[in-house]
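For reference, the structure is listed below as structure tokens.
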Amino acid sequence: MAPHDLDHLRTFVTVTRAGSLTAAASLLGLSQPTVTAHIQALEASVGFALLVRTRAGVQTTAKGAALAREVAAHVDALEDAVFAVASRGSATAALHLGGPAELLSTMVLPHLAELADASGATLHVRFGLADDLLEALAGGSLDLVVSAVRPTRRGIAATPVYDEVFHIVAAPPWAGHPIDDVPVIAYGEELPIIRRYWRSVFDCRPEGLRVAAVVPDLREVAAAVRAGIGMSVLPEYLVRDDVDAGRLVRLHEPEVPPLNTVYLATRGRDAERDPVIAAAFAAVRRFIG
């Protein structure tokens, strides 16, 4: 086998894990034609077909699956060794972290100095929606993503780290009012968080509510609620201190409040083999969990 076949094997293993040529190209930082050329060259070298195309992407042949099982661990070991040597000789590393602005600002950024010390890296933080951030992670422009949506993209490893608990809260003067009579401060036009709460707790849609304001930042929604404008459904981490201090009250106490699982996502095995990402992963998990 020629030396360049090692690159082709790496491409092949990545395709089998990602499930498509497009996803593998994104993970490897290659064009899709280059990935296709690598697979074709490897097939010519080994003398049998490795992949077949399907509507969902690609599927390994029986011989392809056997080859993947044989070589995957060795390819990983070679990558780990090269990465370790390169990391020791590199300048100050950079770590690119993405997540929802409200959660990162409340639970992670207050520990920024500790995160920088733990990772030994220059930190770059990006706020955004989960789908956009996970796409950036798969494409290599982010290293670590805090996601309020369970990642399903192949090639992305996700670990559940925190359960967001949600409460209906308002300023104290609204206590005792029927919930349907209290104006709403919403996060989005479609009342996404409020709608989910109503369906989970009341088993109905939130119809007939009067929307006082739509504010696309949960921190500012909380500020509007504290100001007495009305009520909203907010995660506990944003309102716990206000409830404890009496600045906000819970308007409803269900036996089991709705929750949403937050995940910490990385590309493949990066959290295992990259010491910078591994250290940041452990630190962020500690801050959030």
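Values quoted throughout were computed directly from the atomic coordinates according to the rules given, and no laboratory measurement underlies them. All values derive from a computational prediction rather than experimental measurement. Note: ideal-geometry Cβ built from the backbone for every residue, glycine included; neighbour counts use all protein chains shown.
Worth pointing out:
- Shown is the FRET efficiency for residue 48 and residue 129, computed with R0 = 51 Å from the Cβ-Cβ distance and rounded to the nearest 0.05: 0.75.
- Among 38, 167, 74: highest mean-square fluctuation, GNM of the chain, C-alpha pairs under 10 Å: 74
- Choice from 178, 235, 100 with maximal GNM fluctuation in the chain (Cα, 10 Å cutoff): 178
- Stretch gain in nm, segment residue 205-residue 260, where the contour uses 0.36 nm per residue and the Cα spacing is subtracted: 17.9 nm
- Residue 126 long-range amide H proximity, modeled H, under 5 Å: 97, 98, 99
- Spacing of the two label points (7 Å from each Cα toward its C-beta) at residue 195 and residue 113, in nm: 4.4
- Our coupling estimate for the range 223-240, obtained by passing each phi through the Karplus curve with A = 6.51, B = -1.76, C = 1.60 and θ = phi - 60°, is 5, 5, 5, 4, 6, x, 5, x, 10, 7, 9, 9, x, 4, 5, 8, 10, 4 Hz, Gly and Pro reported as x.
- GNM top mover of 255, 79, 164 - the chain, alpha-carbon springs below 10 Å: 255
- Near the amide H of residue 248, within less than 5 Å, lie the amide hydrogens of 243, all on another chain or at least 5 residues away, with H placed in the peptide plane.
- Between residue 150 and residue 40, full extension at 0.36 nm per residue minus the direct alpha carbon distance yields a gain of 36.2 nm.
- Label-to-label distance, nm, for residues given as residue 93 and residue 157 (7 Å Cα→Cβ offset): 1.3
- Taking 7 Å steps out from each Cα toward its Cβ at residue 59 and residue 22 produces label points 1.9 nm apart.
- Derived scalar couplings between HN and Hα for the range 60-66 equal 6, 6, 4, 5, x, 5, 5 Hz in order, rounded to whole Hz, by the Karplus curve 6.51 cos²θ - 1.76 cosθ + 1.60 (θ = phi - 60°), x for Gly and Pro.
- Stretchable slack from residue 250 to residue 220, in nm (0.36 nm times residue separation minus alpha-carbon distance): 9.0 nm
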